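The structure appears below as structure tokens.
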Amino acid sequence: MEESLERVSSESLKGTNIGVIGPFILTEKLGQTLKQFPTFVPHIGTCSTQEDFQTVTKDISVRTDVLLFTDPFSYYLGRNHANRQIPVHFVPLTGTALYRALYKIRLKTDTTRLSTDSIGKLFMNKVLRELDEQELQIVYYPRMAELQPYDVLQFHLYEWETGRCSAVLTGIECVSRWLDEAGIPNELILPTEQDMIVSLERALLSTESRRHKESQIVVGIINIDDLRRTSEKSSSEHDVQRMKLDIHRILLEYVESWKGHLTALGGTEYLFVTTRGIFETVTGGYKSLPLAREIENRFGLSLSIGVGFGASAFDAGTHARLALGHCIDGGGNMCFIVREDKSVIGPLELAEPLAVNLSLLDVGLLTKAEAAGLSAGYLAKLVNHVTRIGKLEYTARELASILQVTVRTTHRLLLSWVDAGLVEITGTDRPGVRGRPTQVYKLSCLANVLRS
């Protein structure tokens, strides 16, 4: 595999890590333009084959804050292999890029018959009208959504051999290279420096916007459905108080695992505050919030959870109350989110979906895990999180959040998993200046999941 990775240590150079992926001719050019953006720490991957794009995209996107493909074709090849947690952009082929390509092909040949693969007919006609070049006859590649290099090359060769074109405009670097080898006049449509500057600015804005949103306050209101009715059926007031204390403790441990704050509002309601970035992580991108499972299993009670986003704490709190109203109107036992613009997400799953492919693991490991108390349910949650986030090391609180159990239960499980050799203690993590160091555990049994 032809691969060139320019890596700059983020420890010595603080800034926004950007991954730049594409063919050498474009990554070299974009690398020069990047010097105008001192806040970017570049990780540049040069690719020449489809397999390169898949491998390099996976490698670079897990350690960068934003990904920029050098051209639409590179984006087409690599987009499905990028980390979905980060913004992904590409440098588009604009009018200035096409003006340049048409000018250069005119210097090479006086042809009036061209074939092209990366420019749409409407866009090309607009540019030709502006340049007063309507006499040019253009043959367009018919499957713009499926740019397979070999098929594109065969298209241009056929048009050349049948005389329908005598020169080619292509947006695919390897196709241009193959046409050069065949002796066919062609011009690679390259983005201009201004196109690259605009794309880099957009990439920078997307990371700053995301960083701002990740630190945004999220307010949630938890209502325990039918708590009063259940309390009335209890044999004594002491049993009711003990149940309320147990519920409060469970909710407190969950919210603490989110690095959040929980307050009892009285009656059947609790209010929690966390950040949007953490909430997005624990819900798997606003898909599920399995907080209610332990409450239901232990007490037979369901939860209604309203979550609010907002530019201020006041707005977030107001939207959380609106979201809770949606839950109550729907009969309870659900979770809704109301965003800044009052649009609604939900209902979220209150039990984590376990549609995870455990065939990634061998049968021996599954048997060993089951014997150590690492059930298929727990294992599915861990595999789901590891494949999504791309890391193996966690604290006990982080694992408690993933497994949706208490921290105390997590510590008990970890003792068995360490003894069985499924998990390793790799070090300690100090959460704050005054906080006690906590042990960091590596899910070594799932190392093959990241490699596959």
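The values are calculated or read from the model by the stated rules, or taken from the named source; none is laboratory data. Only a predicted model underlies this, so the values are computations on that prediction, with no experimental measurement involved. All Cβ positions, glycine included, derive from the backbone under ideal geometry; neighbour counts span all protein chains shown. What goes into the accessible areas is simple: the full protein's heavy atoms, side chains included, and nothing from ligands, DNA or RNA. Shrake-Rupley method; radii C 1.70, N 1.55, O 1.52, S 1.80 Å.
In the chain, the longest principal axis of the Cα atoms and the axis of helix 24-34 are about 70 degrees apart. For q = 0.17, 0.18 Å⁻¹, what log10 I(q)/I(0) does the stretch 82-233 give under the Debye formula with an equal point scatterer on each alpha carbon and no solvent? Per q value, in the given order, log10 I(q)/I(0) is -1.00, -1.07.
With N denoting the number of residues in the stretch 249-306, provide Rg(C-alpha) divided by 2.2 N^0.38 Å, to two decimal places. Don't skip to the end; give the middle numbers.
On the way: Rg = 11.5 Å, N = 58, 2.2 N^0.38 = 10.3 Å.
The reported ratio for this selection is 1.12.
Note down the Stokes-Einstein diffusion coefficient of the chain in µm²/s, whole number, using a Kirkwood radius over alpha carbon pairs, 37 °C, and 0.692 mPa s. Spell out each step's value before the answer.
Details: Rh = 25.8 Å.
Stokes-Einstein gives a translational diffusion coefficient of 127 µm²/s.
Between 0 and 90 degrees, the angle of helix 407-419 with respect to the longest Cα principal axis of the chain falls at about 70 degrees.
A straight Cα-to-Cα reach below 25 Å connects K104 with the lysines K29, K121, K126, residues fewer than 8 places away in its own chain not being considered.
Highest first, please rank the peptides 390-401, 320-331 by the mean number of other Cβ atoms sitting within 10 Å of their residues.
Details: 390-401: 19.6, 320-331: 17.6.
Result, highest mean first: 390-401, 320-331.
To the nearest 10 degrees, how steep is helix 313-329 against the longest Cα principal axis of the chain, on a 0 to 90 scale? The helix 313-329 is inclined about 70 degrees to the chain. Peptides 172-178, 237-243, 152-158, 67-73 ordered by packing proxy, namely the average of other Cβ atoms within 10 Å per residue, highest first: 67-73, 172-178, 152-158, 237-243. Its residues counted as N, the stretch 6-147 yields a C-alpha radius of gyration over 2.2 N^0.38 Å of 1.22. Ranking D110, D195, D65 by solvent-accessible area of protein heavy atoms (1.4 Å probe, all protein chains present), from largest to smallest, gives D110, D65, D195.
What pairs from K58/K259; K244/K391; K35/K108; K213/K287; K244/K381; K368/K442 go past 25 Å between their alpha carbons?
Details: K58/K259 29 Å; K244/K391 36 Å; K35/K108 32 Å; K213/K287 18 Å; K244/K381 28 Å; K368/K442 17 Å.
Distance filter (> 25 Å) returns K58/K259; K244/K391; K35/K108; K244/K381.
How long is the gain from F314 to F123 if the chain were fully straight, where each residue apart is worth 0.36 nm and the alpha carbon distance is subtracted? Numbers along the way, then the final one.
Working: separation 191, 0.36 × 191 = 68.76 nm, distance 4.69 nm.
So the chain would gain 64.1 nm between F314 and F123.
Sorted largest first by accessible area at a 1.4 angstrom probe radius, with every protein chain in place, the residues I425, I105 fall in the order I425, I105. Going by accessible surface with a 1.4 Å probe and the largest first, L131, L443 read L131, L443.
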